[in-house]
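The values are calculated or read from the model by the stated rules, or taken from the named source; none is laboratory data. Only a predicted model underlies this, so the values are computations on that prediction, with no experimental measurement involved. Note: ideal-geometry Cβ built from the backbone for every residue, glycine included; neighbour counts use all protein chains shown.
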Amino acid sequence: MAKKKTAGEISKALRFQTTEAYKKARTNIVYSIVKKGCKKIIFTSSFKSEGKTTTAINVAIALSQQVGTKVLVIDCDLRRPTVHTVMNIKYDKGLVNYLNDECTLGDIISKSEIDNLDFITFGAIPPNPSELLASEAMAEMIKRLESEYEYIIFDTPPVNMVVDIVPLIGLSDGIVFVIKNNDTTYPEFNRAIDLLKRNNGKILGIIINGIPTTETKKGGYYLSKTKKRNKNTYYGDYYG
């Protein structure tokens with residue numbers, strides 16, 4: 001009879017599986033973008049709470065662990081920013097302040113405790129997030145940053161909630177779409193992918209969160225057929 005694993009052993013095995021999963025995602029992304037110079041990647045989802053920010057940051061960490069690879073994560077979710085919370089970053093100014101010409105580029109780049117990994121937080125909630133992300137100042141900023149980093153990761157709002165992602169598509173080399181196992185629905189998924197493709201978005205791949213592992217539960221992964229969503233979320237309330 002096989003020896004039953006302890007809680008600590010299971011936890012360690014799950015951490016290993018998670019780390020390996022992000023490394024695999026890193027490898028797939030590296031080989032999906034064939035170009036010299038900085039690679040710029042959008043991370044998005046169909047709705048909120050599907051794990052896009054956590055996924056974006058963990059993939060960025062995995063990318064930064066390659067020798068000589070500098071990575072920058074930019075919080076472009078200017079309506080419901082969470083990068084600073086996830087990484088516990090204390091900031092004074094951020095992306096919005098820079099785009100409004102209130103500070104220099106050096107003022108908004110936050111160094112993390114992880115080698116080769118930097119962040120730009122949101123700075124402040126603006127009344128015009130779509131316009132700021134579509135501005136010449138945004139495009140010029142990305143052009144300046146390209147010479148400093150091998151990868152720039154954009155954490156963007158959910159596609160089916162707001163259209164802020166659209167101007168960033170033209171600045172990026174591809175999109176990683178994040179879904180949540182047994183939470184994201186087929187209609188939501190199809191609607192989001194259709195919007196991205198209509199705006200010439202290049203889908204690099206899909207990352208699925210919340211898949212039961214061999215250490216917890218046997219089973220596959222799937223999208224829900226239907227799921228009732230509360231539209232009056234933070235994004236909806238923002239529009240009034």
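Going through the range 62-72 one residue at a time, which ones are surrounded by 19 or more Cβ atoms within 10 Å (Cβ to Cβ) and touching a Ser or Thr at 6+ places or on another chain (Cβ under 9 Å)?
Ala62, Leu63, Ser64, Val71
Pull up the range 184-227, narrow it to residues that are among the charged types (D, E, K, R) and modelled with pLDDT of 55 or more, then point me to the one that is nearest to Lys39 (Cα to Cα).
Lys202
Any chance you could count how many residues in the range 99-139 are buried (at least 17 other Cβ atoms within 10 Å of the Cβ) and farther than 20 Å from Ser172 by Cβ?
Going through the range 99-139 one residue at a time, the tally reaches 5.
List every residue pair whose Cβ atoms sit under 6 Å apart, with the two residues 6 or more apart in sequence or on different chains, where the first one lies in the range 87-110 and is without any contact (Cβ under 8 Å) to a residue 60 or more places away in the chain and closer than 15 Å to Ile142 by Cβ and the second, anywhere, is part of a strand (DSSP E or B) and acidic (Asp, Glu).
Ile109/Asp118
Can you spot a residue in the range 142-160 that is in a helix (DSSP H, G or I) and not basic (Lys, Arg)?
yes
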